[in-house]
Amino acid sequence: MHAIEKILARAAGKKSVSTGEIVTAGVDVAEVNDLYLQVVTSFYQLGGTKVKKPEATTFVFDHYAPAPTIKAADNHRAMREFCAAQGIDKLFDVGRGVCHQVLIEDGLVAPGAIVVETDSHTTTLGALGVFGTGVGATDMALILLNGSLWFRVPEVMKIVLEGGPPGAGVMAKDIILHIIGDLKQDAAIYKCVEFTGPAVAAMPVEERFVLCNMSVEMGAKTAYIQPDAKTWEFLATMGVGKALREVDTDPDYVYASIHRYDVSAIRPSAATPGSVDNLAEVRSVQGVHVDQIFIGTCTGGRLNDLATAARILKGKKVAKGTRLVVIPASDKVMQDAMAAGHVQTLMRAGAVFSTPGCGPCLGAHEGILAAGEVGLTTSSRNFPGRMGSTESRLYVVSPATAAASAISGTISDPAKL
Amino acid sequence: MKTLKGKIYSFGNNIDTDQIYPGRYLELTDHKDIGTHAMEGVDPDFSRRFERGGVIVAGSNFGCGSSREHAAITLKNAGVAAVFAKSFARIFYRNCINLGLPLIMVPDLDSFGLSEGKEIEVDLAAGILKTEDRVHKFLPLSEDILALIENGGVFSLYRK
């Protein structure tokens, strides 16, 4: 069996499972974010009165925090009331950050766990050997009601990253954009994507999150990286000392497919407007004027991302005619970045900071694009209209490319800095 | 809901949930309101031109992107009777089935030649789709899922 199958089997109280089988598994941690008052509505519509596992249930206000409208404020208030009535203590209110990052930092996520959130980027948690997956409101309401949910045991695609070290200016973001551009955005529908190989082993955990995070842009149900010494070193800083379930993959497990990439051959990359699998090397689109650059989110707003941007922008200025919006993925990231001087460096360069959370990623607030504008983002998606007007054009890039482009006000290759 | 009849509304590949339901409306919670913005990110006129009971036909990876259940709610409340596509994104698929909106995956959908505006008749249980001049077969949803859809979604299992 694959490690992911062992997690599902044990959570379902079974000795073994096989691909395609549908199992009902206990959910170890459930998270509801502030897009989802519908979870509460569905919970009551399903006849729910008491949340089955309030201690394993969390709410995070990240998509609309602080509330930009009266309606969003009403939704927040209704969720606070629900948590109070249901004895849910883990309500991470305005300013704590993006749900995935917050759960990790609060030590709620341990290898071998099943974590389900009302957010597609829950695949991020796979970088810690977790079965993390996103659901909609009604599935989440069923979890609150029953403490479990049905899952189809997924096929597993193995992506082996070889070679390295990566070239100048290349981050995990460039690697995953390259992979999605190659395999295309429907390559992993309903599958688990496992990342392995020497270049993954050499990668810091913060960068591994980026690979797993963007697996959902290929359709992945979940992602997986087998925990190693680096994982445990990282988890120790979050107060996690042991796995919830110790699992690994049997040597005779048969993968649905295996894909190999030499990371040394990958150059700074971009997803050009409209789709995440529109792959271009940054050097082929350089010179395009940029109106707004956004560094942030669960994909590109961690300490490592802010540090990279600060290193490039130290002593420099954001070009006239270009806005740089920086939103740390969490309050911890923001405080660590302040302690390291990155926030100061970026503000001196002309960056605008906003409350830790999702920011403009989903086009709700804090940096919406006007018709005709060009945006660069370190987030994960550039669907038409994702960050504002459907007449805007959005490129997905790494924090290094974003920072390099801020100096010139045009798309620029960080490899040259 | 053994059979349904309606007009085809045709879309391409990789129609994401931002196109099905733009992010700027995510704070809405009333299902009637949510239903007025269906497909607005790809076709701002869709709500005006759509006739209830119509069927969406699309390419591969329909519903990719965000987990927002609003995408399923908007189609259901706009009166979309079913969606046929070559493949669906996972979260969107679960969301729609939970709400009782039938999604039918037909890998060789291109061979059906279903174009915009055509009238079709579908027998969900038998797996038969009829156009004016042709009859196509598809793999029907399981009996359990069909029963769930007929009863308006997963809620029916709990209201006893």
> If you take the residues of the range A:240-276 that are in contact (Cβ under 8 Å) with a residue 24 or more places away in the chain and acidic (D, E), which of them is farthest from A:V193 (Cα to Cα)?
Replying inline: A:E246
> What are the residues in the range A:294-330 that are in a strand (DSSP E or B) and either under 18 Å from the mean Cα position of the chain (by Cα) or without any contact (Cβ under 8 Å) to a residue 40 or more places away in the chain (or both), if any?
Replying inline: A:F294, A:I295, A:G296, A:V326, A:I327, A:S330
> Name the residues in the range B:107-160 that are in contact with a Gly (Cβ under 9 Å, 6 or more places away or on another chain), surrounded by fewer than 14 Cβ atoms within 10 Å (Cβ to Cβ) and more than 14 Å from chain A (Cβ to nearest Cβ), would you?
Replying inline: B:D110, B:E119, B:R134, B:K137, B:L139
> How about the range B:58-151: which strands (runs of 3 or more DSSP E) wholly inside it have at least 2 residues that are of a type in the set (A, V, I, L, M, F, W, C)?
Replying inline: B:82-85, B:103-105, B:119-123, B:128-130
> Of (1) surrounded by fewer than 20 Cβ atoms within 10 Å (Cβ to Cβ); (2) closer than 22 Å to A:G134 by Cβ; (3) in contact with a Pro (Cβ under 9 Å, 6 or more places away or on another chain), A:G163 satisfies all except one. Which?
Replying inline: (2)
> What number of residues in the range A:1-28 are in a strand (DSSP E or B) and either within 14 Å of A:R245 (Cα to Cα) or not β-branched (V, I, T) (or both)?
Replying inline: 2
> B:I104: of a type in the set (V, I, T) and either within 12 Å of chain A (Cβ to nearest Cβ) or surrounded by 22 or more Cβ atoms within 10 Å (Cβ to Cβ) (or both), yes or no?
Replying inline: no
> Exactly one of (1) within 21 Å of A:D182 (Cα to Cα); (2) buried (at least 24 other Cβ atoms within 10 Å of the Cβ) is unmet by A:S284. Its number?
Replying inline: (2)
>> Every residue in the range B:9-48 that is more than 24 Å from B:N151 (Cα to Cα), surrounded by fewer than 20 Cβ atoms within 10 Å (Cβ to Cβ) and touching a Leu at 6+ places or on another chain (Cβ under 8 Å), please.
In response: B:S10
> Among the listed residues B:N77, B:N98, which satisfies the condition of being modelled with pLDDT of 95 or more and within 10 Å of another protein chain (Cβ to nearest Cβ)?
Replying inline: B:N98
> Which one of B:I91, B:I56 is more than 14 Å from chain A (Cβ to nearest Cβ) and without any contact (Cβ under 8 Å) to a residue 60 or more places away in the chain?
Replying inline: B:I56
> If only one of A:E373, A:E366, A:E391 is under 18 Å from B:S66 (Cβ atoms), surrounded by fewer than 23 Cβ atoms within 10 Å (Cβ to Cβ) and among the charged types (D, E, K, R), which one is it?
Replying inline: A:E366
> Can you name the residue in the range A:177-216 that is surrounded by fewer than 24 Cβ atoms within 10 Å (Cβ to Cβ) and within 17 Å of A:A271 (Cα to Cα) and is also farthest from the other protein chains (Cβ to nearest Cβ) among such residues?
Replying inline: A:H178
> Of the conditions (1) more than 10 Å from chain A (Cβ to nearest Cβ); (2) surrounded by 21 or more Cβ atoms within 10 Å (Cβ to Cβ), B:K5 fails just one. Which one is it?
Replying inline: (2)
>> Being closer than 26 Å to B:C64 by Cβ, in contact with a Pro (Cβ under 7 Å, 6 or more places away or on another chain) and either among the hydrophobic types (A, V, I, L, M, F, W, C) or in the same structural domain as A:G241 (by TED's automatic domain parsing) (or both) narrows it down to one residue among A:G97, A:G87, A:G132; which is it?
In response: A:G97
>> Residues that are modelled with pLDDT of 95 or more, of a type in the set (F, W, Y) and buried (at least 24 other Cβ atoms within 10 Å of the Cβ): does the range A:60-70 have at least one?
In response: yes
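The values are calculated or read from the model by the stated rules, or taken from the named source; none is laboratory data. The structure presented is a predicted model; accordingly, all values stated were derived computationally and were not measured. Neighbour counts are summed over all protein chains in view; Cβ atoms, including those assigned to glycine, are modelled from backbone coordinates with ideal geometry.
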